[in-house]
Amino acid sequence: LPWATDVAYSDKKDDYLAAFDSVGTEIAFNESVDSVSMIVALVVLVRSISCTAAHPRIALLTSTVTKAINDFLHFLIICLVVYLGLAFVATWRFGAKREDLSTLAKTCQTMFDSLLGPPGAFTLYDNKENLEYTYFVLLYWLSLFFFMLNFILAIIVDAYAKVVEENEALEVEQSVWYDVAASLRICYFRWRKQWPKHTQLIKKIEGLPRSQPVTSVALMSLASNETKPLFKNPDHAQHWMEYYARYDFLGFTTDEPEGPQQEVLDRLEEMTLQTKTRFKCIEKVTEDKIGALDRKLDKVLDALNAIRDRQAPTPRSALPDSLPEASRPERDFME
């Protein structure tokens, strides 16, 4: 400010106060910008952590929180009841003697700080002659530290164990570095071999009949529209098939089945053997019956030949005056 000029004192004072107001306004604006920037940074951090759910190997945090959130929210009800109850008792009984327990808000803050860095403000060597304070401290550490905090850790550890178990059972799970390299390789092949997009190809494959196997010929029959096929030529379709055939979890497994599947297969094998045995018995009985029927037919043919020979025409001079009467067996057969 130009203090050594002929400007009036009141004008100088107004300029001085205006400068202070300007500086204060600028500081308040900068603080607001810093607060908004902090919120944006936290949102970006949360968003970055949530993006780790894209891969099961790095989704341990998000998956664990997702599985533990239900149990944690129910446990939080019990924890708040115990925490606020102890805070109310401490404020009511010891607030008149201690400044950090004078109000409910200060008591909650003091108890929380003690949990983060035990023993904090609650030590047994304070007020040794006051048994009520000693009992309160023992109850506080027993209920909040030894039980509540360990219950929270148990919920988190149990959820983490479930996530690890699911990852071990996941057949398509691979290293994140291997999947990143595979993604880059697919981008190269999509440019070099003109592969179609995965979403478009999956949608077309799902439209095929379930009885039709997915082959290079079937892939060439898929078209993005009525005239343009998804693959440029059969070699590109065959290369796509060979590339994904390298992944074991996309093909048929050669491992021996276990558990219920093995029991079903054993039962089917037993039923198959029983069926084969029955067929053999039926075949043998059928052969015996057919053989007996063949023998009977042979006898019938022999009898017919014998009858035909007897009834063969003879010279008139050789014919007797009267024909002999047929035997009873022959009459029965002719009837």
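The table for this structure:
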{"item": "Subset of region 174-184 (residues that are open to solvent by less than 80 Å² (accessible area, probe 1.4 Å) and assigned to a helix (DSSP H, G or I))", "result": "Val176, Asp179, Val180, Ala181, Ala182, Ser183"}
{"item": "Test for Ser211: is it in contact (Cβ under 8 Å) with a residue 12 or more places away in the chain, more than 30 Å from Arg98 (Cβ to Cβ), hydroxyl-bearing (Ser, Thr, Tyr) and exposed (fewer than 15 other Cβ atoms within 10 Å of the Cβ)", "result": "no"}
{"item": "Output for region 158-173, where each listed residue is open to solvent by 90 Å² or more (accessible area, probe 1.4 Å), in a helix (DSSP H, G or I) and either in contact with a helix residue (DSSP H, G or I) (Cβ under 9 Å, 6 or more places away or on another chain) or polar (S, T, N, Q) (or both)", "result": "Tyr160, Lys162, Glu166"}
{"item": "Members of region 37-58 found to be among the β-branched types (Val, Ile, Thr) and either in a helix (DSSP H, G or I) or loosely packed, with under 10 Cβ neighbours inside 10 Å (or both), listed by number", "result": "Ile39, Val40, Val43, Val44, Val46, Ile49, Thr52"}
{"item": "Options Asp6, Asp34, Asp15, Asp11: the member that is over 50 Å from the mean Cα position of the chain (by Cα) and open to solvent by 90 Å² or more (accessible area, probe 1.4 Å)", "result": "Asp6"}
{"item": "Candidates Asp309, Asp321, Asp235, Asp266 - the one that is surrounded by 10 or more Cβ atoms within 10 Å (Cβ to Cβ) and either part of a loop (DSSP other than H, G, I, E, B) or modelled with pLDDT of 75 or more (or both)", "result": "Asp235"}
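The values are calculated or read from the model by the stated rules, or taken from the named source; none is laboratory data. Since we're looking at a predicted model, the values are computed, not measured. Quick reminder, even Gly has a Cβ in these numbers, built from the backbone with ideal geometry, and neighbours come from all protein chains shown. Each accessible area value is taken on the protein alone, full model and side chains, heavy atoms only, with ligands, DNA and RNA left out. Shrake-Rupley method; radii C 1.70, N 1.55, O 1.52, S 1.80 Å.
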